[in-house]
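Notes follow the structure.
Throughout, read-outs are computed from the coordinates displayed, never taken from laboratory work. In this text, all values refer to a predicted model and were calculated from it rather than measured experimentally. Don't worry about glycine lacking a Cβ; one is built from the backbone with ideal geometry, like all the others, and counts go over all protein chains shown.
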Amino acid sequence: MATVFVQNGVITPDGQKVIGRLEAGIAEAMKLEEGQNAGALNAISGPFKHYLVNVKQMGPHTGFTPAQWLKDYGYGAQSIYDLVLAEEKQAAQDKLNEDTVAQQAGLADKIGDLEKRLTEALATIDKQTADMAALQEAQAAPASPKKAEKKPKAEGQAAPAETDAEGDEDS
């Protein structure tokens, strides 16, 4: 099914896209030509060149309008329209790719943050496990007899006197 570019003598939105792309392509070639790229206008493709010659250059003298060009040169208009659609599709894909890359970068940041938090949590768990093991070890160890002897048994009772062997340990 052919795309309608002109309806009741009025250029449709699709026709406006074609004309806009033609005008932009010709303007770009003219800009290159001004930049001392002498063959830029001669190097443009068929539909662009046809539009340039018949509408832009001769149109003011012959009355050949963009609407007439769209009607009379339908094949060229359709090829430019296909180009416009391909560029729009590529632009949408590029935007999707940019969004995906941005999302992935955001996810990478979140993953990095989660990894850091996990490392910190594991370090805390390791420290708490070591502290817990030390406490359990301290509770499980029997009280040394030396320490037990030094404690008074009841209030008012004197602590047992040190033996000579215990006194010799200090020397």
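Name the residues in segment 55-76 that are in contact (Cβ under 8 Å) with a residue 24 or more places away in the chain and in a loop (DSSP other than H, G, I, E, B), would you? If the condition is that a residue be in contact (Cβ under 8 Å) with a residue 24 or more places away in the chain and in a loop (DSSP other than H, G, I, E, B), then Y73 is the only one that fits. Restricting G76, G59 to residues that are within 15 Å of D14 (Cβ to Cβ), crowded, with 17+ Cβ neighbours inside 10 Å and over 36 Å from the mean Cα position of the chain (by Cα) narrows the list to G76. Just the residues that are among the acidic types (D, E) and either surrounded by 10 or more Cβ atoms within 10 Å (Cβ to Cβ) or outside any helix (DSSP H, G or I) (or both), please, taken from segment 89-147. D94, E98, D99, D109, D113, E115, E120, D126, D131, listed by residue number.
Given the structure, is L52 buried (at least 17 other Cβ atoms within 10 Å of the Cβ), out of contact with any Pro (no Cβ under 9 Å at 6 or more places or on another chain) and part of a helix (DSSP H, G or I)? Yes, satisfied.
Within segment 1-57, the set of residues being touching a strand residue (DSSP E or B) at 6+ places or on another chain (Cβ under 8 Å) and more than 15 Å from S79 (Cα to Cα) comprises T12 only.
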